Structures are given as C-alpha cells and as structure tokens.
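Everything below concerns the one structure shown next.
Read the figures in this text as sums done on the coordinates, not as results from a lab. Note that this is a predicted model, so its numbers are computed, not measured. Here Cβ is always computed from backbone atoms with ideal geometry, including for glycine, and neighbour counts include all displayed protein chains.
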Amino acid sequence: MALFNDGPINQQQDLADYENGILDIANQEQIDLDGKSALAQREIAAQLLTLLLRQETRSPYTNWIDPQDLLRRRTGVSDVVVTSALQQWHAMRTLAAVYRDAYNNQINDRYLKKWQEYQDLEREAKAQFYATGVGLSGYWLPAPAAPSLTFEPGAGAAAQYFVATTWVNQAGQESAPSPQSQLSTAPGTQLAVTAAAAAPPYATFWNAYVGTAPTALALQNPTPLALGVTWIVPATLQTGVPPGSGQTPDWYVTDDHVMPRG
C-alpha cells in the first residue's frame, strides 16, 4: 500500500469506477477533477492530523492512542498508510465536491441529488474508516523519486529499458515504486541505475525493477543494494517479481486502542 503523501490516493479512473459519468461531467462543467481530488486529500490530511494529535493532550474526551505521539507534529501524516477504507473515504469526498460544484454551476436538481448522495456516502465511508482505524507504518518509506539512468561499456544488446526503484528498510519492507525512468542503450553497453540521491531516514537499501516494457518490470538485483551505489543491470534481464504496492500498516490506531497488524 502507498503512503498518504506518496501521491494522489485515487486516480481519475478510480473515481470513474465509482461513478461512470464523472469524467464527462467534470469536462462538461469545466471542473478540475484532479484539483478536487487534491483538495479532498488535503482536507482529509488535516482531519487525520488533528485526530492523531488529540492524544498528546490526554483529553478526557478521547481515548486515541498513537505510538508516534512524540514525533507526530514533525511526522504529520507521512506514516499513514492508504488502506482501502481510506481510499473509499477520499473517493466519496471527491465525488461529493465535484457534484457540489456542478450543482452550483447549473442549479440542477439532478446534480443536487448526486451531491447529497455522495455526502451521505462520505459520512458512511469516514465512519467505517474510523472504526477500522488509521493504518500506520513504524519505519515508513516514501516512494522514491525517479532513478537516474546511464550506460557503461558492456556485453548488452541495444534495448529500450524502463526502470523503477524502491527503498528498503531494516525490517525488509519496501516502499511503493518510484515513477519510471526510460533509456535506450546501444550495442556493447549495459544499463546503469542510480537511485534518487536523497534517501529517507528509514531507508537502508534499495531495489531496482527493470523491463523492456513499462508494464513488465521485474526485480533484477539478487540482494538489496547499498545506498549511494550505481548498479549495472545484467546484460540479460533476470526473471523476477514485479514491484509491489508499498508497505502495509504495522498497527492501526482506533478510537480506544492500538491494534497490532494481523
């Protein structure tokens, strides 16, 4: 699972999976769908941070417990994992915002009913998310920036390569993959990959996923790579596992206790 700050929680197609006509409506009503999605994500971030900070005051009105309490103000929501419940809450909030703007543009009762419907669905999704809990990672790894690609003399054939990288922490957990970089090499050379320069605090190693098509990346290094090294891809690509989606929560913060993973 990706982390909250890795990027958009939902893509446009994810929203279209909930509401078939949302892309057409956004275009017709000149509504910035990506902008509404980003705004919904910022609003949810503010709510999550407020919720996670409450326990610092030891308020008699809340029983929230967060193991990261001493770091929370610096961490923000960086360690929050995007669970399916959080993804649904974000989707419902975004769709409600789109139909709110569409209604205000046209004063159309059809849009009003959709706005009200998604407001109700957002409340339900938020309640379900709170009941499930906020998933947190103990040693969180944000997705890397796109890797740098060069080539060196070697035994490789001419090829077009697509590459993504991940960070690895001391527990062997991997981040979500980076954006892909692309490079074509000439005969007699081999691809060289360098991970993003700024490794996050909990990163201890990195992995390289390489393919000759953007949808066919596979792990190429047999063991995790040391930070700061440039890695030469084998002349013949290895068969490996594809990149994962990121870390899963190490625990869940709920309204009265911490639930360990599993």
Measure nothing fancy, just the Cα-based angle from helix 109-132's long axis to the longest principal axis of the chain, in degrees from 0 to 90, nearest 10. 70
Taking the simple approach of a point 7 Å from Cα along Cα-to-Cβ for both Thr239 and Leu49, what is their distance in nm? 4.8
Cα centroid of the stretch 15-55 to Cα centroid of the stretch 117-152, whole Å: 13
Computed [θ] at 222 nm, helices only, for the chain once each DSSP H run of length n ≥ 4 contributes -39500 (n - 2.57): -11000 deg cm²/dmol
Could you please state, rounded to a whole Å, how far the C-alpha centre of the stretch 75-107 is from the C-alpha centre of the stretch 159-221? 31
Can you figure out the FRET efficiency of Ala198 with Thr132, using R₀ = 30 Å and their beta-carbon distance, to the nearest 0.05? 0.35
For the chain, what class follows from the C-alpha gyration tensor (a ≥ b ≥ c being the square roots of its eigenvalues): rounded when a/c is under 1.5, otherwise prolate if a/b is larger than b/c, else oblate? oblate
May I ask you to order 106-114, 76-84 by the average number of other C-beta atoms within 10 Å around their residues, highest value first? 76-84, 106-114
